[in-house]
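Engineer: Structure in structure tokens, see below.
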Amino acid sequence: FDYPATQRSQLLDYLFKPSYGAALQILKAEIGGDTNSTDGSEASFEHARGEIDCNAGYEWWVMEQAKARNPGIKLFALAWGAPGWIGNGSFYSTDGINYLIDWMGCAKQHGLDIDYIGGLNEKTYNAGFYEQLKSALAANGYTSTKLVGSDETNWNIATAMKTDSALNNAVDIVGAHYPCTYASAMTTCSSSADAQSLGKQLWASENGSENAETGAAPVARAINRGYLDAKLSAYINWPLLAADYQNLYFHD
């Protein structure tokens, strides 16, 4: 956002303009939570209970810019953390459900239809939370928003879904992180037999960039190997765009 206007627009075109540059088909946005979410923190839209600021943070702007260039792009939202007032520190709570529904309301104010939403990034899933979130989405009119679970570095939720019909009905898409192995040549990707038996879409809901000198080939390879080896129909790269200071944990 802080780049000069011309260069900023060029970067956005390269990312989102159809048939031009990356021409991304899906954008995953962080639901800011006032907490460190890897290399810093993003502002929450609700620092305190009921005090909602639908303009907090920059993710709204990024999603709007993506939609302006490609109205057909899909939007996916996921929380990395949340303010401590939620559930007295427990995201998997009624407060956590209400927090996500409040965020969906802000998206609606921005004219953004959220196609997919998750639970909590790289935290052990909670079946009851997914079931309650699915019900809350429907009750608040977000019937077209699909639920992705569980954004962990494994396929454990898929195994549970085989015997838990309520969880299976709640989760529309099974997404795992780094199924092609983080920071590797990504010569092979994997998903579990349980995941493949569900008859649902399977996603690499987070794969990771490598440095500018070596990263392009593994990314291209993983997009292909993900489908061929693991039946993955989406590849989502973290981060969207990287220019990290050397003192940050995940710099290249």
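The values are calculated or read from the model by the stated rules, or taken from the named source; none is laboratory data. This is a predicted model, so every value here is computed, not measured. Don't worry about glycine lacking a Cβ; one is built from the backbone with ideal geometry, like all the others, and counts go over all protein chains shown. Note: areas computed on protein heavy atoms with side chains; ligands, DNA, RNA excluded. Shrake-Rupley method; radii C 1.70, N 1.55, O 1.52, S 1.80 Å.
Engineer: Across segment 225-252, which residue is nearest to Phe1 (Cα to Cα) among those that are open to solvent by 30 Å² or more (accessible area, probe 1.4 Å) and not in a loop (DSSP other than H, G, I, E, B)? Let's see the steps before the verdict.
Structural biologist: Looking only at segment 225-252, we keep the residues that are open to solvent by 30 Å² or more (accessible area, probe 1.4 Å), and these are 225, 227-229, 231, 233, 235, 237-252.
When the remaining residues are screened for being not in a loop (DSSP other than H, G, I, E, B), the result is 225, 227-229, 233, 235, 237-238.
Details: Arg225: 34, Tyr227: 34, Leu228: 37, Asp229: 37, Ser233: 30, Tyr235: 25, Asn237: 20, Trp238: 18 Å.
Restricting to residues being open to solvent by 30 Å² or more (accessible area, probe 1.4 Å) and not in a loop (DSSP other than H, G, I, E, B), the top hit is Trp238.
Engineer: Let me ask another. May I ask you to list pairs of residues, at least six apart or on different chains, whose Cβ atoms are under 6 Å apart, with the first in segment 196-224 being part of a helix (DSSP H, G or I) and the second being small (Gly, Ala, Ser)?
Structural biologist: If the second residue must be small (Gly, Ala, Ser), the pairs left are Pro218/Ala185.
Engineer: State the number of residues belonging to segment 1-42 that are under 18 Å from Gly89 (Cα atoms), surrounded by 14 or more Cβ atoms within 10 Å (Cβ to Cβ) and not charged (D, E, K, R). Step through it out loud before you land on a result.
Structural biologist: Let us first name the residues in segment 1-42 that are under 18 Å from Gly89 (Cα atoms), namely 31-37, 41-42.
Then drop every residue that is not surrounded by 14 or more Cβ atoms within 10 Å (Cβ to Cβ), which leaves 31-35, 37, 41-42.
Checking the rest, the ones that are also not charged (D, E, K, R) come to 31-33, 35, 37, 41.
The total comes to 6.
Engineer: Can you report the number of residues in segment 107-132 which are more than 18 Å from Trp203 (Cβ to Cβ), open to solvent by less than 20 Å² (accessible area, probe 1.4 Å) and not aromatic (Phe, Trp, Tyr)?
Structural biologist: To start, the set of residues in segment 107-132 that are more than 18 Å from Trp203 (Cβ to Cβ) comprises 107-113, 124, 126-129, 131-132.
Next cut, open to solvent by less than 20 Å² (accessible area, probe 1.4 Å) only: 107, 112, 129.
Imposing the further condition that a residue be not aromatic (Phe, Trp, Tyr) reduces the set to 107, 112.
Counting residues in segment 107-132 that are more than 18 Å from Trp203 (Cβ to Cβ), open to solvent by less than 20 Å² (accessible area, probe 1.4 Å) and not aromatic (Phe, Trp, Tyr) gives 2.
Engineer: Just wondering, is there one or more residues in segment 26-34 that are assigned to a loop (DSSP other than H, G, I, E, B) and free of Cβ contacts under 8 Å to residues at least 24 places away in the same chain? Give the derivation first.
Structural biologist: Within segment 26-34, the first condition is being assigned to a loop (DSSP other than H, G, I, E, B), and the residues that meet it are 32-34.
This time we only want the ones that are free of Cβ contacts under 8 Å to residues at least 24 places away in the same chain, so: none.
Scanning segment 26-34, I find no residue that is assigned to a loop (DSSP other than H, G, I, E, B) and free of Cβ contacts under 8 Å to residues at least 24 places away in the same chain, so the answer is no.
Engineer: Tyr182 is checked against (1) under 25 Å from Tyr58 (Cα atoms); (2) surrounded by fewer than 22 Cβ atoms within 10 Å (Cβ to Cβ); (3) aromatic (Phe, Trp, Tyr) and fails just one. What number does that condition carry?
Structural biologist: All conditions pass for Tyr182, except number (1).
Engineer: Cβ contacts < 8 Å: first residue over 12 Å from Lys28 (Cα atoms), restricted to segment 233-252; second residue surrounded by fewer than 12 Cβ atoms within 10 Å (Cβ to Cβ), any location; separation 6+ or different chain. Result?
Structural biologist: Leu248/Gly40; His251/Tyr245; Asp252/Asn211; Asp252/Ala212
Engineer: Follow-up question, since we're still on this one. Pairs under 9 Å by beta carbon, first residue over 17 Å from Ser192 (Cα atoms) and open to solvent by 20 Å² or more (accessible area, probe 1.4 Å) in segment 141-166, partner in a strand (DSSP E or B) and among the hydroxyl-bearing types (Ser, Thr, Tyr), six or more apart or different chains?
Structural biologist: From residues that are over 17 Å from Ser192 (Cα atoms) and open to solvent by 20 Å² or more (accessible area, probe 1.4 Å), the pairs are Lys146/Tyr116.
Engineer: If we scan segment 85-106, do we find a residue that is open to solvent by 60 Å² or more (accessible area, probe 1.4 Å), more than 27 Å from Leu167 (Cβ to Cβ) and part of a loop (DSSP other than H, G, I, E, B)?
Structural biologist: Checking segment 85-106: not a single residue is open to solvent by 60 Å² or more (accessible area, probe 1.4 Å), more than 27 Å from Leu167 (Cβ to Cβ) and part of a loop (DSSP other than H, G, I, E, B).
Engineer: Quick check: is even one residue across segment 210-225 under 23 Å from Leu27 (Cβ atoms), of a type outside the set (Val, Ile, Thr) and in contact with a helix residue (DSSP H, G or I) (Cβ under 8 Å, 6 or more places away or on another chain)?
Structural biologist: The answer is yes; a qualifying residue exists.
Engineer: Any residue at all in segment 232-240 that is at positive phi and not polar (S, T, N, Q)? Break it down stepwise before answering.
Structural biologist: To start, the set of residues in segment 232-240 that are at positive phi comprises none.
No, segment 232-240 contains no residue that is at positive phi and not polar (S, T, N, Q).
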